[in-house]
1. Kindly list the number of the only condition in (1) in a helix (DSSP H, G or I); (2) within 19 Å of Thr8 (Cβ to Cβ) that fails for Asn184.
2. Would you confirm whether or not the range 134-146 contains a residue that is over 23 Å from His239 (Cα atoms), open to solvent by less than 30 Å² (accessible area, probe 1.4 Å) and touching an Asp or Glu at 6+ places or on another chain (Cβ under 7 Å)?
3. Name the residues in the range 163-179 that are more than 26 Å from the chain's Cα centre (by Cα) and open to solvent by 80 Å² or more (accessible area, probe 1.4 Å), would you?
4. Consider Phe143 carefully, then state whether it is part of a loop (DSSP other than H, G, I, E, B) and over 18 Å from Gln216 (Cβ atoms).
5. Go through the range 303-351 and count every residue that is outside any helix (DSSP H, G or I) and within 18 Å of Ile287 (Cβ to Cβ).
6. Looking at Ile262, is it closer than 30 Å to Gly327 by Cα, open to solvent by less than 10 Å² (accessible area, probe 1.4 Å) and β-branched (Val, Ile, Thr)?
7. Within the range 6-51, can you find the residues that are of a type outside the set (A, V, I, L, M, F, W, C), within 30 Å of Pro194 (Cα to Cα) and either touching a residue at least 24 places away in the same chain (Cβ under 8 Å) or part of a helix (DSSP H, G or I) (or both)?
8. Tell me whether the range 285-299 contains one or more residues that are closer than 12 Å to Leu334 by Cβ, touching a Lys or Arg at 6+ places or on another chain (Cβ under 7 Å) and not β-branched (Val, Ile, Thr).
Amino acid sequence: MTGKSVVTPWKVEGTVDYIKLVKEFGTQLIDENLLRELKEIVGDLHLFFKRDYVFSHRDLDKVLEDYLSKKMFFLYTGIGPSGNMHIGHLLPFLFTKWLQEKFKVNLYIQVTDDEKFLFRKLKFDEVEKIADDDILNIAALGFDPDKTFIFKDTEFIGKIYNLVIKTARKINFSTVKAVFGFTNETNIGSILFPAIQIVPTFFEKRRCLIPSAIDQDPYWRIQRDIAESFGYYKTAAIHTKFLPGLLGPEGKMSASDPRSTIFLNDDPETVREKILKYAYSGGGATIEEHRKKGGNVNVDVCFQWLKIFLEPDDKKLKEIKEKYQSGEMLTGELKEITIKKLNEFLELHRKRKENAKKKLDKYKYDGKLAKEMWQKKF
Ligand code: TYM
């Protein structure tokens with residue numbers, strides 16, 4: 001990482017150097033060969049690969065081998081309900097949806113209401129309200145209702161407690177202290193929590209593949225140290241970068257700073273206001289300077305959002321890039337394009353969320369996988 005950059009599951013600060021992070025975390029960059037193999041198997045590649053947003057992995061090659069040899073694998077991801085869900089949170093879930101569609105595998109989604117109660121100064125009821133809304137946002141993406149199980153930790157914990165203690169016995173305090181920076185002042189619930197986030201990787205006796213941003217990887221490192229010692233696979237993972245917040249390319253979009261964040265429930269006017277007021281621009285200081293020198297797409301937040309998820313059409317993106325870099329397109333115009341695209345994206349999401357209400361019980365209790373999970377002995 002450059003300068004004072006920090007990446008932990010709870011904090012991302014500074015300019016993240018993703019290449020260095022891969023070395024530091026001991027993960028691997030996704031290379032051309034792996035991409036070719038993936039494309040051969042599933043037929044195409046998700047936009048996030050093409051736009052260099054999904055960039056790193058652990059054992060993805062082994063996941064593909066397991067798929068080809070019919071051993072199969074399963075997917076696991078999650079959300080921590082600490083505030084309203086924002087567009088950055090949605091991206092790993094959109095990617096997970098694609099993976100499930102392509103590979104037709106089971107997917108477990110953990111909602112860590114316990115984590116956010118323990119780590120944040122939130123009331124229990126507040127966390128529960130946020131968690132229920134998160135579940136609706138996730139269900140809106142249309143995961144396969146018979147192959148997807150969404151659970152809140154506080155509700156499902158009784159079923160998995162055996163696995164939690166079996167996992168917890170293998171991890172000592174010095175490990176979580178080193179990995180997560182816990183101190184003597186950390187409450188003891190937080191110290192147990194890593195075991196709870198690791199447990200879903202043991203839901204099946206097959207390899208688990210976890211799509212998430214790279215901030216969650218420290219958990220998987222611990223999982224990989226202990227899994228084989230009690231008969232499970234080391235988990236595989238596939239990592240995205242971070243969606244930058246409105247205030248600039250440093251750090252990540254985070255629910256704890258509303259000025260940097262577009263929430264999924266922001267109305268069109270709020271989206272417009274936030275982008276016009278806060279979106280960090282790569283444009284020149286004056287119109288004259290911009291016309292002369294052009295804009296910097298690498299730091300411009302609107303351009304980055306278009307690149308990562310709002311403009312899937314390569315030709316259109318290239319056109320915007322060229323016009324902005326040459327100074328022909330002004331920051332104001334780029335912002336208007338982004339506002340329009342983002343409001344369309346959010347409008348569609350809200351409609352899907354409304355429809356998802358009917359499907360919630362399938363994901364939580366009575367879809368095929370959900371039923372199996374409530375009956376399963378661990
Ligand atoms: P949480 O709620 O911090 O984040 C949920 C998911 O969103 C990703 N993420 C982001 N992705 C892109 N840009 C951002 N600005 C951004 N902010 C967050 C996270 O990497 C994550 O994929 N402890 C976890 C919940 C959890 C979990 C899991 C996450 C439990 N089991 C398994 C991933 C996989 C948490 O608080 O996530």
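1. (1)
2. Within the range 134-146, not a single residue is over 23 Å from His239 (Cα atoms), open to solvent by less than 30 Å² (accessible area, probe 1.4 Å) and touching an Asp or Glu at 6+ places or on another chain (Cβ under 7 Å).
3. Ile165, Lys166, Arg169, Lys170, Asn172
4. Values: part of a loop (DSSP other than H, G, I, E, B): yes; over 18 Å from Gln216 (Cβ atoms): yes.
Judged against the criteria, Phe143 is a match.
5. Step one: of the range 303-351, the residues outside any helix (DSSP H, G or I) are 311-313, 327-330.
Still in the list and also within 18 Å of Ile287 (Cβ to Cβ): 327-330.
Of the residues in that region, 4 qualify.
6. For Ile262, the condition - closer than 30 Å to Gly327 by Cα, open to solvent by less than 10 Å² (accessible area, probe 1.4 Å) and β-branched (Val, Ile, Thr) - is met.
7. Thr8, Pro9, Glu13, Gly14, Thr15, Tyr18, Lys20, Lys23, Glu24, Gly26, Thr27, Gln28 - these are the residues of the range 6-51 that are of a type outside the set (A, V, I, L, M, F, W, C), within 30 Å of Pro194 (Cα to Cα) and either touching a residue at least 24 places away in the same chain (Cβ under 8 Å) or part of a helix (DSSP H, G or I) (or both).
8. Within the range 285-299, none of the residues are closer than 12 Å to Leu334 by Cβ, touching a Lys or Arg at 6+ places or on another chain (Cβ under 7 Å) and not β-branched (Val, Ile, Thr).
The values are calculated or read from the model by the stated rules, or taken from the named source; none is laboratory data. From a predicted model like this one, the values you see are computed outputs, not experimental measurements. Here the Cβ is made from the backbone with ideal geometry for all residues, glycine too, and neighbour counts use every protein chain on show. Please note that ligands, DNA and RNA were not included when accessible areas were found on the heavy atoms of the full protein model with its side chains. Shrake-Rupley method; radii C 1.70, N 1.55, O 1.52, S 1.80 Å.
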